[in-house]
Amino acid sequence: MTIRVALVDDQDLVRTGFRMILEDLPDFEIVGEAADGAQAVRLVDSYRPDVTLMDIRMPTMDGVEATRRIISRDPSARVLILTTFDLDEYAFAALRAGASGFLLKDVRIRELAHAIHVIAAGDAVIAPRVTRLLLDTYAHQLPNITDGAHRTTPPGLHRLTPREREVLLLVAAGLSNAEIATKLTVSETTAKSHVANILTKLDLPNRIHTVIYAYENGLVIEP
């Protein structure tokens, strides 16, 4: 199946580079390009790509606001954030806005292609090294649930089975359903079912928010 991709970046050379890379692969079709967030919103409205590769820091409208508007118009839209910086607070804000993934622009071609496939299939991707950096950076702001004097139970966590708690941490570490299935020696269908149960029990809109939930509630995440 061909995956239709939109490219959004304010640098022509970056868009050209990604276009050349993806067009050289058999599974992708570039349906359009945009140089800022406002153009991106119009592009997605017009062409309905399967996945939009979105830069963060752009003139006129940044990638966070563009992602927010795209998702508000179509909650099923899939946006993959690409950033130059290892830790970009704007990228984390874009995840909150509904983006389906977050990768660095120096990602290897194979990893980028895999991420686009994963996101197009309805899953989510966050680079493990970015997950680790987010945790390290925001750890001092989060509640310490291992400290007996301040121990609290994150909201909804008691609803999860032990296995679902295990899957929750793996999702928060940036693993896809296929990777979770391999790690736990279960089928991908079973892994997907666990993730769906977690989202339902915790009342989360998508798996990206399990990452946010884990950070905000001080859960330990090891990629």
Net charge (Lys, Arg +1; Asp, Glu -1) of residues whose beta-carbon lies under 15 Å from that of GLY98, GLY98 excluded, is +2
Taking r as the C-beta separation of THR60 and ALA178 and R0 as 25 Å, the FRET efficiency to the nearest 0.05 is 0.10
The range 159-180 and the range 37-68 have their Cα centres apart by a whole-number Å value of 30
Zone reached by a paramagnetic label modelled 7 Å from GLU188 Cα along Cα→Cβ, restricted to the range 35-75 with backbone N below 18 Å, covers 51
Each label sits 7 Å from Cα toward the beta-carbon; between GLU29 and ARG159 the label points are separated, in nm, by 4.0
Here the net charge surrounding THR185, from other residues whose Cβ is less than 13 Å away from its Cβ (Lys, Arg +1; Asp, Glu -1), is -1
Full extension between LYS201 and SER46 adds, at 0.36 nm per residue less the Cα distance, a length in nm of 52.3 nm
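Work out how much length THR84 to THR2 would gain on full extension: take 0.36 nm times their residue separation and subtract the Cα-Cα distance, in nm to one decimal.
Gain in length upon complete extension: 26.8 nm.
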For VAL14, VAL167, ascending order of other Cβ atoms within 10 Å (fewest first) is VAL14, VAL167
Output for the range 1-60: trypsin sites (Lys or Arg not before Pro) sitting in coil per DSSP, at most 10 other Cβ within 10 Å, listed by number, reads none
Quick calc: nm separation of the 7 Å Cα→Cβ label points for ALA38 and MET20 -> 3.1
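Read-outs: derived from the displayed coordinates by stated rules, not from any lab. Predicted model only: the values in this text are computed from it and were never measured. Note: ideal-geometry Cβ built from the backbone for every residue, glycine included; neighbour counts use all protein chains shown.
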